[in-house]
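For reference, the structure is listed below as structure tokens.
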Amino acid sequence: MNRYMDKEWWWIEGSHELRDDMLGVLSDGDLAFSPGGSNLPLGELFRQMGEVEHSYLQGVKTLAQDWEYRNTDDGLAGSTSRLLTWFHELDAELKTVVSAFSDDDLAKEVVRGSGFTMPVDMNLDVYVQAVLIFAGKAVVYLRAMDKPIPKSVEDWIW
């Protein structure tokens, strides 16, 4: 086991739990909600989070990260179960990839779309921050819908 899996992976699993717990308080119909303005419907916000995870996954797999991928699966953003299935597939692949790294691999540089680079382990830390930012956005939607805020979300971001 590498040092990231040993000491840091729980951050990623915990942030994924937040995402899943928020989906757990929603119905498929809730995913169409938008607070207005230029805000995405909630299901599209979840889809966008999956696209972000895909970007980080590909970044650590190939050491080149970009933001171009879009999941065009019709109906994905309108189904909590399909979103969860997709997220869990991404989560499992990310865990498999990171688990296979040596400690030396974690120091390899990921080249991001702009040419900026950072070590794999730091890139994974930034990914956790992206999930937490997503969770903060999603909480605004949940509050606007008078949905319960899962305890895990309160524990992590309150």
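The values are calculated or read from the model by the stated rules, or taken from the named source; none is laboratory data. In this text the structure is predicted, and so the values were computed from the model without any measurement. Every residue, glycine as well, gets a Cβ built from its backbone with ideal geometry; the counts of neighbours run over all protein chains shown.
Things worth noting here:
- Cross-chain or 6+ apart pairs with Cβ under 7 Å, region 49-60 first and under 19 Å from residue 31 (Cα atoms), then of a type in the set (Lys, Arg) and surrounded by 21 or more Cβ atoms within 10 Å (Cβ to Cβ): 49/19
- Residue, nearest to residue 129 (Cα to Cα), within region 44-53, restricted to residues that are surrounded by 19 or more Cβ atoms within 10 Å (Cβ to Cβ) and touching a Phe, Trp or Tyr at 6+ places or on another chain (Cβ under 6 Å): 49
- Subset of region 62-80 that is out of contact with any Asp or Glu (no Cβ under 8 Å at 6 or more places or on another chain) and surrounded by 17 or more Cβ atoms within 10 Å (Cβ to Cβ) - its residue that is modelled with the lowest pLDDT: 65
- Screening residue 1 on (1) part of a loop (DSSP other than H, G, I, E, B); (2) touching a helix residue (DSSP H, G or I) at 6+ places or on another chain (Cβ under 6 Å); (3) within 16 Å of residue 99 (Cα to Cα) shows it passes everything except condition (2).
- Test: residue in region 131-141 that is among the β-branched types (Val, Ile, Thr), modelled with pLDDT under 95 and surrounded by fewer than 16 Cβ atoms within 10 Å (Cβ to Cβ): no
- Answer residue from region 4-43, given it is among the hydroxyl-bearing types (Ser, Thr, Tyr) and in a loop (DSSP other than H, G, I, E, B) and is surrounded by the most Cβ atoms within 10 Å (Cβ to Cβ) among those: 34
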